[in-house]
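Here's the structure we're looking at; comments come further down.
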């Protein structure tokens, strides 16, 4: 609501463009460093990989030969490989959703209801585990959730169950729990940072007008920190799509993900297929972002507020 | 951090709900961490809990002798700092570029974000093949290059959020007072972005510290910390790796506690300021 | 001494040796040699440096490599390659491993393709005097050679079967225990077709009379048969999980998440140290033999390190390395020089224990053995089927 009013009244982006020489638009100059990184470090290897994905495996040299074919892409539809894409994306979306649902109240506590010291302390607390090895943390979950783990021991000693609860570990539950525990800070930090967009005066004004806490939260706070929420969801989703640790350590027999599948394929030096998988992943995710942008008008989120 | 407790007065259970969920989140995050801390005090070669009477610092002392771990830690710190030091300003420049553009901004952002979507193993492999051709020897430099691509989108988005909190009216006011665009940026925008830039730096550092897939293919002879952990878990870990996690936790918490105590002291010494900022 | 290789076998990777004992091992070992040697004092000799990239299980620690350098004149810079042949071969084939390392070690089977692509160079056996002492059946492993030249030197060798917890699984003498419905949800296999498929094939061939010629090299039909069997059991929730790597496998046993699983022998020793009464089954269907082979990277030749590399391999078989590795991990280097070395240095190593370990491995290999192979003829088909298993 506030955003709509602003849109009609306030012109967008009185930025730097006006005063910089029109021959070298500021945007272009500013974009150079990041584009240089992307082209040099990202695009060139990716172009190589995409090219190689259309070549064929050479059984004589166990490498690739420039025989153009779609075989590796066709192979993506066999043997359940396509389901791996779907399941990994689904798991990542679930992790991102769960993380965001936990992160919004946590960020609310940090950004809205805490003084600077407590906010800094809480933020630090959320960040500290990330300084330890994710692999070791995921491994430790096996000891917390296992048949002889802490939770089962507690449940049994309290008499709640007689035999250990099996599905706590090596199940989708364990994987989700492990992933949320690992990636929650990715969701919290952007939202907390977005709280800088909120002016005290706006909150105070609405409170003066009689708005209760929840009204303020829903109509003022949430829309204003939406860029942070979207960014948090994106961060968790992206990291969750690319990980394999939690699934391998906490999932059931032979649980799969895109990363695990790529490693499996590389293990049999089927490079074209591995590269095809990577190309498809990048393409699909890019398309997903484009759709999300169109549907949710994401680019509007990062514009400035107010006058 | 410059958050003030914005909402004062009654919160209709909002404070309670938020605190509960925050506590739950912290509990989930710290369950494995605390387990590791307690289990690292177990002198047996077993990852498990023992009664407090048997606690021992044996594996912590063994840590001091672990040269391989120290080397990996150093390498990771080097790579992480280099990555963060580059990703933060470049990410900021990307965010500024986005806001300065009009029509091409969507494509630009998409291009920058797409770097996040590349599976780590493949990127590492492809980049190492490319860097070979260029003739760059594998070392912490090559790992940092790979990690730069990985962390840049994150730093850019974080900067975007920070920039969106800077009011155009503030900049306009500075310009009205005669500041050029660069001056306005340096004197107004950057200080307002201070917290954000620090977060961006720490974020990029932590991302690099935990990244293993790219590092495997880009590393030279010295493994990074995640690679060391990965190898240790695969071929037989000495419990020193759990003591190492324990050390990180204890040191981090101690640092935070000290800073917190320092801030508390500072607050109590300064005369209390009038409540509520004046703002428009 | 607490670290002797006796009844309880080696302490496993946690190497319960105190610093003092390690120093004793190292210095005394080196000292004894120096006394008996006619060469110049070791300290005066310049050391050749070799970058050794191998599975962490082959590592003998900084102290161990220091003694090794002292004895052999080769300073080894050891880096763990993560044990998974997939990334290792990928890093060799497409990455920069050749620029960084001189000598590598990995599970056998890929030697042929690496040789064909010119990524590794053949060994000159005549420069490795100790090669003569290597056990014959180790030398005879088929994939070590290509085009008549030796590309892989079998450095560590063992015969694998399954691990069982005595009071939960009873007395196990067949791989069938893994698939026993009475143990549903209490078994595990390794998440690697390299091992799990061959175990299943061995079982099906010998206990269920399936038409399988070579369990280590299945035809497409045989592979289908074996994989369908595994898929069926996975769908029946027979397996608690699959495990990846030492620590995961050990944890499953140490915390009794599973009662029977396919696994590596040193895990048994380590689990016993953690108080689990488990044992390594002697399956009537036979063992899976494997070798971790040392290969010479092409760039080492280009860099002029061939001589040092051969010296390194020679020294791996001269006795100290074998004794040390046996002590630390319970793995065996296939040569009798280990016993000879232990006998000559009885203050550092226990000769009876070393002999017992060697005899134990020899005895296993005297029975039915099926060799592990990371590159069966249909290896890409294996991966396809494994995907189907994953998605089942």
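Assorted remarks:
- Residue in the stretch A:89-107 that is surrounded by fewer than 23 Cβ atoms within 10 Å (Cβ to Cβ), farther than 24 Å from residue B:32 by Cα and within 26 Å of the chain's Cα centre (by Cα) present: yes
- Scan of the stretch C:44-79 for residues that are away from every other protein chain (no Cβ under 13 Å) and outside any strand (DSSP E or B), ordered by number: C:44, C:45, C:46, C:47, C:67, C:68, C:69, C:70, C:71, C:72, C:73
- Which numbered condition residue A:181 fails, given (1) crowded, with 18+ Cβ neighbours inside 10 Å; (2) more than 8 Å from chain B (Cβ to nearest Cβ); (3) touching a residue at least 40 places away in the same chain (Cβ under 8 Å): (2)
- Residue selected from the stretch B:166-180 under the condition at negative phi and part of a loop (DSSP other than H, G, I, E, B), by the criterion farthest from the other protein chains (Cβ to nearest Cβ): B:177
- Residue in the stretch B:105-116 that is over 24 Å from residue B:209 (Cβ atoms) and crowded, with 24+ Cβ neighbours inside 10 Å present: yes
- Listed here are the helices (runs of 4 or more DSSP H) enclosed by the stretch B:1-115 that have at least 2 residues being at pLDDT 90 or above: B:14-39, B:67-100, B:105-114.
- Residues (touching a residue at least 24 places away in the same chain (Cβ under 8 Å) and part of a helix (DSSP H, G or I)) located in the stretch B:128-140: B:128, B:131, B:140
- Residue A:174 being in contact with a helix residue (DSSP H, G or I) (Cβ under 7 Å, 6 or more places away or on another chain), in the same structural domain as residue A:154 (by the TED database) and in a helix (DSSP H, G or I): yes
- Filtered residues of the stretch A:284-301 (kept if at pLDDT below 80 and more than 10 Å from chain B (Cβ to nearest Cβ)): A:296, A:297, A:300
- Sole residue being under 30 Å from residue C:273 (Cα atoms) and touching a helix residue (DSSP H, G or I) at 6+ places or on another chain (Cβ under 8 Å), chosen from B:17, B:26, B:38, B:47: B:47
- Taken together, C:95, C:118 contain a single residue that is touching a residue at least 40 places away in the same chain (Cβ under 8 Å) and assigned to a loop (DSSP other than H, G, I, E, B), which is C:118.
- Output for the stretch A:113-142, where each listed residue is in a loop (DSSP other than H, G, I, E, B) and more than 7 Å from chain B (Cβ to nearest Cβ): none
- Flag for residue C:282 being surrounded by 24 or more Cβ atoms within 10 Å (Cβ to Cβ) and in contact (Cβ under 8 Å) with a residue 24 or more places away in the chain: no
- Tally, over the stretch B:143-152, of residues that are more than 10 Å from chain A (Cβ to nearest Cβ) and farther than 13 Å from residue B:205 by Cβ: 1
- Test: residue in the stretch A:209-227 that is farther than 26 Å from residue B:164 by Cα, touching a residue at least 40 places away in the same chain (Cβ under 8 Å) and not in a helix (DSSP H, G or I): no
- Selection within the stretch A:70-104: residues that are closer than 24 Å to residue A:172 by Cβ and free of Cβ contacts under 8 Å to residues at least 24 places away in the same chain. The member of this set that is farthest from the other protein chains (Cβ to nearest Cβ) is A:90.
- A residue that is assigned to a helix (DSSP H, G or I) and surrounded by fewer than 21 Cβ atoms within 10 Å (Cβ to Cβ) occurs nowhere in the stretch C:327-336.
- Here residue C:156 meets the list (1) within 24 Å of residue C:272 (Cβ to Cβ); (2) out of contact with any helix residue (DSSP H, G or I) (no Cβ under 8 Å at 6 or more places or on another chain); (3) touching a residue at least 60 places away in the same chain (Cβ under 8 Å) almost entirely, failing just condition (2).
- Odd one out for residue C:104, checked against (1) under 18 Å from residue C:314 (Cα atoms); (2) free of Cβ contacts under 8 Å to residues at least 40 places away in the same chain: (2)
- Considering B:70, B:97, B:82, B:87, the condition of being closer than 25 Å to residue A:37 by Cβ and more than 10 Å from every other protein chain (Cβ to nearest Cβ) is satisfied by B:82 alone.
- Flag for residue B:142 being closer than 26 Å to residue A:267 by Cβ and in contact with a helix residue (DSSP H, G or I) (Cβ under 6 Å, 6 or more places away or on another chain): yes
- Tallying residues that are in contact with a strand residue (DSSP E or B) (Cβ under 8 Å, 6 or more places away or on another chain), within 14 Å of chain B (Cβ to nearest Cβ) and crowded, with 21+ Cβ neighbours inside 10 Å within the stretch C:221-250 yields 2.
The values are calculated or read from the model by the stated rules, or taken from the named source; none is laboratory data. Keep in mind that this is a model prediction, so the values were computed, not measured. Using ideal geometry, Cβ is built from the backbone for each residue, glycine included, and neighbour counts are taken over all protein chains shown.
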